[in-house]
Every structure is written in C-alpha cells, then in structure tokens.
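Peer 1: Mind looking over this structure? Questions follow.
The values are calculated or read from the model by the stated rules, or taken from the named source; none is laboratory data. Keep in mind the model is a prediction, meaning the values are calculated, not measured. Counting neighbours? That spans all protein chains shown, and the Cβs are built from the backbone with ideal geometry, glycine included.
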Amino acid sequence: MNKFFILIIAIMFASQVSNAQTEKGTETIGANIGFSYTNASDFTVSVANGSTSTLDTKTTTFNIGPIYSYFIADKLDIGAALTYSSSTLKNMAGTYATTNDSYPTKQSSDNFSTTLFIRKYFMYQNKIGFRTEGFLGYSHQDNTNTYAPSFAGYNYDNETDYYSAGTNLDLVYYPSKKLGVSATIATLEYYHYTANNANQGHDSGDNITFNFVNSGLSLSVFYVFGSK
C-alpha cells in the first residue's frame with residue numbers, strides 16, 4: 001500500500017514538472033538556427049533555334065538569432081525574435097553562365113529581421129507535440145551581384161524591405177524540464193516588398209508562399225525559466 005501511494009505521488013510530481021514548461025508565467029529564451037544547401041544543374045533548350053544551354057548553381061543559406069517568449073496562459077505564449085541570415089548563390093559552371101555577360105557569377109545577401117508572434121501548443125503527455133504560430137515581421141536585405149572580371153562594370157548592389165504576416169507549424173520536444181527544441185514543419189506567408197535597385201530603378205510587389213519541410217532545416221533551441 002505504501003508503495004502505491006509513493007507511486008501516485010511520483011506520478012503527480014512528474015506531471016507537475018512537465019506542465020510547468022508551458023504553464024502561465026513561464027518564460028523561454030533561446031536561439032533560432034537554420035541552414036540549407038542546394039546544388040542544381042539546369043539544362044535549357046531554345047524553342048526559337050533549338051540551341052541548348054546549361055547552368056550549374058550552388059546556394060548556401062544560414063540564419064541565427066535570439067528569441068524570447070512569455071506564457072500569458074497555459075500552452076499560449078507571445079514573444080519576439082531577431083534574426084540575421086546570409087545567402088550566397090554561385091553560378092559555378094555551364095554554357096549559359098560563361099557566355100551570357102548579363103548573368104552574375106555570384107549573388108549574395110545579408111538580411112536583418114524582427115518578428116512578433118503568438119503561439120498555441122498542443123502537447124502529448126506535455127513532452128512532445130505541435131505548435132501553431134501567427135506572426136508579423138519586418139526585414140531589411142542588402143544584396144550584392146557580382147559578374148566575371150571582364151564584366152566588373154555590371155556589378156551592382158540593391159536593398160529590399162519586406163513586410164510579412166503568416167503562420168508556422170512547428171514540432172516541439174522537451175528533453176528535460178529546462179530545455180526545449182523545436183523544428184519548423186510548414187510555413188504559409190504573405191509579404192510585401194519594396195526594392196531599391198540603384199541605377200536600375202525601383203520595384204515592389206506582393207507574394208504568398210508556402211513551404212513544407214523543403215526550405216532547409218530551421219531549428220530553435222531554448223531554455224525554460226520562471227516556472228514552478
């Protein structure tokens with residue numbers, strides 16, 4: 001009988017420990033970390049004259065930044081994130097890249113963004129589950145376009161501002177009371193952009209994008225504090 005009561009107390013204590021991670025008043029602080037790499041080879045046939053061209057490209061992207069959240073109710077938190085990201089596209093080889101002087105050999109960008117969000121948690125045994133997120137964001141991107149040395153006069157920089165809103169679906173796992181990990185599974189986003197292309201003029205537009213586990217790996221690691 002004593003063992004039975006000890007077991008009940010242990011289960012109640014374990015439940016309380018798990019619940020504390022997403023209960024009202026809990027805070028989290030952590031980092032967003034992302035990386036993606038793409039190696040592509042394109043083959044094009046001209047309908048006009050039957051000529052062919054090839055283009056091999058490599059794209060590398062990473063992002064990192066702090067993130068903070070506060071649970072305003074059980075399994076519901078609000079917060080903000082700051083992110084720096086960098087992307088580089090290299091046209092490594094191919095007849096199109098080597099013969100077309102109007103095509104850059106390298107395109108790189110640096111992006112600084114801020115995001116406000118509200119998130120709802122759906123947990124299984126308060127250990128693993130899903131999280132839906134609504135967000136508003138702003139980002140500023142500096143782009144550099146570099147051409148072959150013989151066409152260095154074509155090199156130019158431009159700037160783009162993005163205003164976004166959307167929703168994410170994340171997988172969330174708590175390996176311990178004070179540590180959590182999440183991975184973005186899907187993103188639906190609307191954004192408006194305005195671009196200043198220096199001597200090439202200005203541009204603006206609106207886009208809607210949807211990604212499902214195909215835009216690289218985006219992880220968040222966070223520390224839990226302020227809970228009971």
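Peer 1: Condition (residue is modelled with pLDDT of 80 or more, buried (at least 18 other Cβ atoms within 10 Å of the Cβ) and farther than 30 Å from Asp161 by Cβ) applied to the range 70-85: is it met by at least one residue?
Peer 2: Of the residues in the range 70-85, the ones modelled with pLDDT of 80 or more are 70-85.
Of the ones still in play, those that are also buried (at least 18 other Cβ atoms within 10 Å of the Cβ) are 71, 75, 77, 79, 81, 83, 85.
Filter again for farther than 30 Å from Asp161 by Cβ, leaving 71, 75.
Yes, the range 70-85 has at least one match.
Peer 1: Among the residues of the range 164-214 satisfying the criterion of being without any contact (Cβ under 8 Å) to a residue 12 or more places away in the chain and not acidic (Asp, Glu), which is farthest from Asn126 (Cα to Cα)? Break it down into steps so the answer makes sense when it comes.
Peer 2: Step one: of the range 164-214, the residues without any contact (Cβ under 8 Å) to a residue 12 or more places away in the chain are 175-176, 201-203, 214.
Imposing the further condition that a residue be not acidic (Asp, Glu) reduces the set to 175-176, 201-202, 214.
On the way: Pro175: 11, Ser176: 11, Gly201: 53, His202: 50, Asn214: 28 Å.
For the range 164-214, the residue satisfying everything is Gly201.
Peer 1: Please work out which one of (1) surrounded by fewer than 16 Cβ atoms within 10 Å (Cβ to Cβ); (2) assigned to a strand (DSSP E or B); (3) modelled with pLDDT of 85 or more is the condition Asn63 fails and give its number.
Peer 2: (1)
Peer 1: State yes or no: is Asp42 on the phi < 0 side of the Ramachandran plot and either modelled with pLDDT of 80 or more or crowded, with 16+ Cβ neighbours inside 10 Å (or both)? Even if it seems obvious, please write down each step before you answer.
Peer 2: Numbers: on the phi < 0 side of the Ramachandran plot: yes; either modelled with pLDDT of 80 or more or crowded, with 16+ Cβ neighbours inside 10 Å (or both): no.
Criteria not met by Asp42.
Peer 1: Can you confirm whether Lys177 is touching a Phe, Trp or Tyr at 6+ places or on another chain (Cβ under 6 Å) and exposed (fewer than 14 other Cβ atoms within 10 Å of the Cβ)? If you could, list the steps in order and put the result at the bottom.
Peer 2: Details: touching a Phe, Trp or Tyr at 6+ places or on another chain (Cβ under 6 Å): no; exposed (fewer than 14 other Cβ atoms within 10 Å of the Cβ): yes.
Considered against the rule, which asks whether it is touching a Phe, Trp or Tyr at 6+ places or on another chain (Cβ under 6 Å) and exposed (fewer than 14 other Cβ atoms within 10 Å of the Cβ), Lys177 comes out as no.
Peer 1: If you check every pair at least six apart or on different chains, which have Cβ atoms under 7 Å apart with a residue in the range 136-158 that is assigned to a helix (DSSP H, G or I) first and a residue that is of a type in the set (D, E, K, R) second?
Peer 2: Qualifying pairs under 7 Å: Phe151/Asp101.
Peer 1: From the list Ser139, Ser176, which one is under 23 Å from the mean Cα position of the chain (by Cα), over 18 Å from Lys90 (Cβ atoms) and not hydrophobic (A, V, I, L, M, F, W, C)?
Peer 2: Details: Ser176 fails: under 23 Å from the mean Cα position of the chain (by Cα).
Ser139 is the lone residue from the list that is under 23 Å from the mean Cα position of the chain (by Cα), over 18 Å from Lys90 (Cβ atoms) and not hydrophobic (A, V, I, L, M, F, W, C).
Peer 1: Something else about it: Which one of these is modelled with pLDDT under 80 and either of a type in the set (Lys, Arg) or closer than 25 Å to Gly65 by Cβ (or both): Lys177, Lys106? Break it down into steps so the answer makes sense when it comes.
Peer 2: Values: Lys177 fails: modelled with pLDDT under 80.
When all the criteria are applied, what remains is Lys106.
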